[in-house]
Structure formats: structure tokens, C-alpha cells
């Protein structure tokens with residue numbers, strides 16, 4: 001198995017267990033966290049952040065056929081055979097890798113489940129890096145992945 005977790009500890013490492021327990025036995029199986037299932041949104045910034053993520057997830061869902069609630073969540077668990085299948089499709093840096101990975105999961109017809117995870121978001125004063133440019137890049141990646149027919153040539 002391969003688990004991703006953003007390194008800034010916005011996600012609680014104790015949630016790893018829930019992801020592992022939800023992982024289907026199929027070789028092409030993945031679990032993605034869902035930050036919004038149990039999150040409170042007390043501030044305007046958090047509501048805006050959640051709304052932007054929901055918009056990106058909806059766009060991704062329309063173009064991939066998946067029905068995710070939080071495509072951008074940094075908590076993802078994949079079985080190694082699935083990782084080997086999707087790795088050639090991944091070329092994005094930064095936050096563009098999230099929609100690219102989800103598109104690759106859909107492309108190889110992976111079984112994808114979601115589980116609620118804890119989320120304690122940082123703001124810019126505490127080092128938050130994502131911004132509007134990253135959202136625009138995510139939209140670009142979602143559209144580009146829909147049009148893509150083959151993985152990039154490995155150099």
C-alpha cells in the first residue's frame with residue numbers, strides 16, 4: 001500500500017487506520033479522505049475554501065464519472081498494483097497532481113472509496129501555500145486529463 005498525507009499535519013495521522021480499513025481487497029483499489037464529511041466551517045475563509053474544493057470536485061466528477069465528495073483531499077491510499085498502473089499518468093507538480101491522480105484512477109477503472117477524515121486547516125499566517133492560481137491550475141488539469149489519450153512518454 002502507498003499512503004499520501006500532506007506534510008503540514010492538517011490531517012490527523014490517526015485517521016490512517018480508517019483509510020486502511022476501508023480499502024477494498026481488489027488490486028486496483030484506492031481510498032480517498034473526505035474532509036467535508038465532519039468539518040465545521042466557522043469562518044468565511046473555511047466556507048470559501050470548502051466551496052472552491054466542492055466546485056473543483058464537481059468538475060472532476062463530471063469529467064471522470066467518479067462520484068467523490070473531496071477530490072482534493074491530501075489523504076489517499078492506493079494498493080501497489082494500482083500505483084504502478086497510474087504512475088505513468090502522473091506528471092504534475094504541486095496541487096495539480098490531485099485532479100491528475102483522480103483522473104488516472106478513473107481511467108484505469110479503479111475501485112475508489114471515501115472515508116471521513118479529520119481536518120484542521122491552516123491559514124496563510126500559519127504557512128498555507130495553496131491559492132487561486134492553484135485552483136485555476138486544477139481546472140486546467142481536469143480539462144487536460146479529459147482530453148488525454150496516453151500517458152506521457154517516459155524520458
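Coordinate-derived values only; no laboratory data. Treat the numbers as computed from the prediction; the structure is a model and nothing was measured.
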(message) Under 8 Å for C-alpha pairs, at least 6 residues apart: give me the relative contact order for segment 2-147, rounded to a whole percent.
(response) 37 percent
(message) Which one, 31, 117, 108, has the greatest fluctuation when you compute a Gaussian network model over the chain with C-alpha springs under 10 angstrom?
(response) 108
(message) Run lengths n ≥ 4 of DSSP H only: what is the helix-derived mean residue ellipticity at 222 nm for the chain, with -39500 (n - 2.57) per run over all residues, to the nearest 500?
(response) -12500 deg cm²/dmol
(request) Output the antiparallel fraction of DSSP beta bridges having both residues in the chain, as a percent to the nearest 5. (result) 55 percent
